[in-house]
Amino acid sequence: MRSHSVSAEGGASAVLYPKETGDSLDLHAYDTVKGSDFLADQDAVELLVREAPKEIIFMDHLGVPWSRDEKGRILQRPFGGMSIPRTTFAQDKSGFFLMSTLYDNVLRFDNVEMLHEHFVTSLLMDHGGVFRGVTAIDLRTGEFKVILAKAGIIATGGNGRVYKFTTMAWSSTGDGYSLAYRAGIPLKDMEFPQFHPTALVPNGILITEGARGGEGGYLINKEGERFMKRYAPSKMELAPRDIVSRAIITECMEGRGFIDEESGLCYVLLDLRHLGEERINKRLPMIREIAIKTLGIDPVDEPIPVRPAMHYMMGGIHVDLYGQVMLDEDKTRVPNLWAAGEAANVSVHGANRLGSNSLSECLVWGRLTGEAAAKYAMSAPPDSMLEYTGDIATKVANEESRIFDKLLHKEVGAENPYSIREEMNRTMDTYVYVFRDKSGLEEAYSTIKRLRERFPNVRIEDKGRYYNTNLRDVLELDFLLEQAELIIVGALTRTESRGAHYRLDYPKRDDVNWLKHTLYFYTTDGPRLSYVPVRITRWKPEERKY
Ligand SMILES: Cc1cc2nc3c(=O)[nH]c(=O)nc-3n(C[C@H](O)[C@H](O)[C@H](O)COP(=O)(O)OP(=O)(O)OC[C@H]3O[C@@H](n4cnc5c(N)ncnc54)[C@H](O)[C@@H]3O)c2cc1C
């Protein structure tokens with residue numbers, strides 16, 4: 001339950017009432033493809049929109065308390081970039097209700113064993129490209145374990161913590177990306193972190209898009225103006241996230257933002273006052289509570305300060321349409337390994353995710369990969385998969401030595417890991433944010449490379465076994481530094497602007513050269529980049545206007 005999903009707020013998208021609302025699967029697919037700036041794989045988008053309604057109803061039957069109207073019908077609200085309201089929600093605590101319901105239901109099954117508080121440190125792949133299991137530390141005892149398996153699913157979430165100003169949980173350190181990458185599995189489109197326009201200043205806590213879109217909040221600059229009319233006149237505050245984020249930062253750069261005295265951050269205001277206390281209490285109770293408790297501002301009486309924050313990783317582990325992990329551009333699959341949720345890049349979000357499509361993706365590919373992995377595990381793979389000898393035993397021994405000899409029990413180490421993390425965060429917040437350019441990205445690249453060179457000399461003060469969070473933080477820092485480098489290398493290489501990746505020195509989308517996905521392969525000298533085409537089924541790329 002200590003996942004990111006419990007803090008998802010706004011809801012999950014699906015076409016539930018096509019007859020009454022005029023919505024359709026085609027419209028949901030088109031909005032998603034257009035929102036993605038045409039980088040989404042369209043067959044994956046079509047699969048998402050087709051399966052999502054069933055999963056929403058399934059979750060309803062499991063017990064999720066979706067918000068409803070007076071007649072008991074499940075409510076839906078609009079999110080950015082949607083033609084028709086289709087975000088299904090449970091107040092502003094949708095993720096919490098989904099996760100509690102799933103957790104409660106899993107407890108009904110005696111044959112599900114949960115390994116709580118186990119921190120996975122490496123993925124075990126044999127020479128034949130078959131997944132064999134993982135190594136992990138039981139944080140409660142400090143015991144190093146080998147967990148062998150006939151099949152696996154990587155579902156380790158995103159990597160918001162590469163940045164300092166992020167809406168994402170402390171657990172979002174992108175471990176699964178690095179676990180896969182180091183095991184020889186390519187990552188895809190890592191140059192596309194998404195920045196959510198409305199994070200609370202200065203703490204970065206998310207103010208759901210439901211507040212701005214669904215419930216009708218206004219964005220206001222220092223001159224009291226609803227400035228979105230300059231950037232997306234027809235959608236206003238309901239434009240997609242990349243456009244609203246750029247609008248806010250442009251307002252700041254042109255002197256129409258406010259400055260937070262404590263952090264020095266520039267922000268604009270989100271005004272909810274016109275919604276009234278009753279509606280805020282009914283639809284956005286958590287937002288009100290967060291603003292009061294963390295800033296002493298009651299949104300019923302005062303607007304709240306917001307600016308864009310790192311919020312989601314659109315890139316991820318290279319998988320096929322059904323979430324099966326791929327080892328090369330498009331031929332070789334790992335027969336018994338899948339990835340799902342934010343860890344995976346099935347490519348439904350392309351260069352810019354539409355809000356509420358991620359929970360739907362988690363539900364749809366959670367089922368698809370879960371069923372496929374279970375089917376594989378039960379279909380007679382040899383029991384010898386559950387023994388480890390040869391190269392797997394060597395990998396286990398190397399991993400144990402990496403963690404315990406080279407990091408934990410090393411006598412001296414001059415570097416403070418928390419200072420390295422701070423500098424990485426500052427660098428990413430400064431140079432790899434909503435607007436990027438060559439010189440800033442090069443500066444970021446050389447800083448991160450220097451930090452990576454310093455990493456082997458980190459000092460772990462806590463040598464204890466039980467709940468050694470100091471050791472865990474260092475292992476996560478190693479992953480984070482690697483991903484910071486990948487994000488920067490991808491951003492430097494992609495010489496165009498598309499979705500959330502905006503290059504001031506290449507401000508136009510370039511379909512001739514860049515209508516393609518980036519793949520990142522591990523080499524000891526840094527990532528090797530390769531490219532695969534975008535799968536286009538029905539919607540030809542067009543100019544994106546809102
Ligand atoms: C504040 C916020 C609100 C959001 N609201 C919405 C919304 O309303 N609608 C929407 O569609 N999307 C939303 N998103 C995005 C969405 O919540 C996430 O993309 C989604 O919840 C990710 O789910 P996941 O299962 O892939 O990962 P997570 O929920 O992050 O789960 C990953 C799990 O893997 C575990 N893990 C990680 N590393 C290791 C390791 N090394 N060893 C063992 N375990 C590990 C973690 O502890 C965690 O339990 C929101 C995002 C944010 C930041």
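Looking across segment 14-55, the residues that are among the β-branched types (Val, Ile, Thr) and within 16 Å of the ligand (Cβ to nearest atom) come down to VAL15, THR32, VAL45, VAL49. Residues that are over 22 Å from TYR522 (Cα atoms) and part of a helix (DSSP H, G or I) within segment 468-510 comprise THR469, ASN470, LEU471, ARG472, ASP473, listed in sequence order. When segment 177-198 is limited to residues that are within 17 Å of LEU337 (Cα to Cα) and in contact with an Asp or Glu (Cβ under 9 Å, 6 or more places away or on another chain), the one that is farthest from the ligand (Cβ to nearest atom) turns out to be PRO186.
Among all positions in segment 123-137, there is at least one residue which is assigned to a strand (DSSP E or B) and free of Cβ contacts under 8 Å to residues at least 24 places away in the same chain.
Determine the pairs where a residue that is closer than 13 Å to GLY499 by Cβ, located within segment 351-367, has a partner that is near the ligand (Cβ under 6 Å from one of its atoms) with Cβ atoms under 7 Å apart, the partner being 6 or more residues away or on another chain. Matching pairs, first to second residue: ARG353/TYR312.
Quick check, is ARG421 more than 16 Å from the ligand (Cβ to nearest atom), in contact (Cβ under 8 Å) with a residue 40 or more places away in the chain and crowded, with 18+ Cβ neighbours inside 10 Å? The answer is yes for ARG421.
Residues of segment 199-227 that are assigned to a strand (DSSP E or B), more than 11 Å from the ligand (Cβ to nearest atom) and touching a Ser or Thr at 6+ places or on another chain (Cβ under 9 Å): LEU219 alone.
Could you please let me know if GLY184 is within 17 Å of ARG241 (Cβ to Cβ) and modelled with pLDDT of 95 or more? Here the answer is no, as GLY184 does not meet what is asked. How do the helices (runs of 4 or more DSSP H) wholly within segment 343-445 filter down when requiring 2 or more residues that are modelled with pLDDT of 95 or more and over 30 Å from ASP473 (Cβ atoms): which remain? Those helices (runs of 4 or more DSSP H) span 357-378.
Considering only residues in segment 353-391 that are farther than 21 Å from THR88 by Cβ and buried (at least 20 other Cβ atoms within 10 Å of the Cβ), the one that is nearest to the ligand (Cβ to nearest atom) turns out to be THR369.
Results for (1) surrounded by fewer than 18 Cβ atoms within 10 Å (Cβ to Cβ); (2) β-branched (Val, Ile, Thr); (3) more than 10 Å from the ligand (Cβ to nearest atom), shown as yes or no for each residue.
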site	(1), (2), (3)
GLY63	yes, no, yes
SER67	no, no, yes
LYS71	yes, no, yes
ARG77	no, no, yes
GLY81	no, no, yes
PHE97	no, no, yes
TYR103	yes, no, yes
VAL106	yes, yes, yes
PHE109	yes, no, yes
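Of the residues screened, SER171 is one that is under 26 Å from GLY350 (Cα atoms), part of a loop (DSSP other than H, G, I, E, B) and of a type in the set (Gly, Ala, Ser). Could you tell me whether any residue of segment 163-180 is at pLDDT 95 or above and farther than 23 Å from ASP473 by Cα? The answer is no, given that none of the residues of segment 163-180 is at pLDDT 95 or above and farther than 23 Å from ASP473 by Cα. If only residues of segment 147-166 that are within 14 Å of the ligand (Cβ to nearest atom) and in a strand (DSSP E or B) are counted, the one that is nearest to PHE404 (Cα to Cα) is ILE147.
In segment 111-122, the qualifying residues are those that are more than 25 Å from SER358 (Cβ to Cβ) and not in a strand (DSSP E or B), and the one that is farthest from the ligand (Cβ to nearest atom) is ASN111.
Check segment 45-58 and report whether any residue there is crowded, with 21+ Cβ neighbours inside 10 Å, in a loop (DSSP other than H, G, I, E, B) and touching a residue at least 12 places away in the same chain (Cβ under 8 Å). No, that holds for no residue. The set of residues in segment 513-528 that are assigned to a loop (DSSP other than H, G, I, E, B) and of a type outside the set (Gly, Ala, Ser) comprises LEU515, TYR522, THR523, THR524, ASP525, PRO527. Only residues that are away from the ligand (no atom under 13 Å from the Cβ) and more than 15 Å from SER178 (Cα to Cα) were counted in segment 327-351, giving 13.
Being within 16 Å of the ligand (Cβ to nearest atom) and closer than 29 Å to LYS508 by Cβ is a property that GLY11 lacks. Picking from residues in segment 11-28 that are crowded, with 24+ Cβ neighbours inside 10 Å and of a type outside the set (S, T, N, Q), the one that is farthest from HIS118 (Cα to Cα) is HIS28.
The values are calculated or read from the model by the stated rules, or taken from the named source; none is laboratory data. Not measured: the values here are computed from a predicted model. Virtual Cβ from ideal backbone geometry, glycine too; neighbours counted across all protein chains shown.
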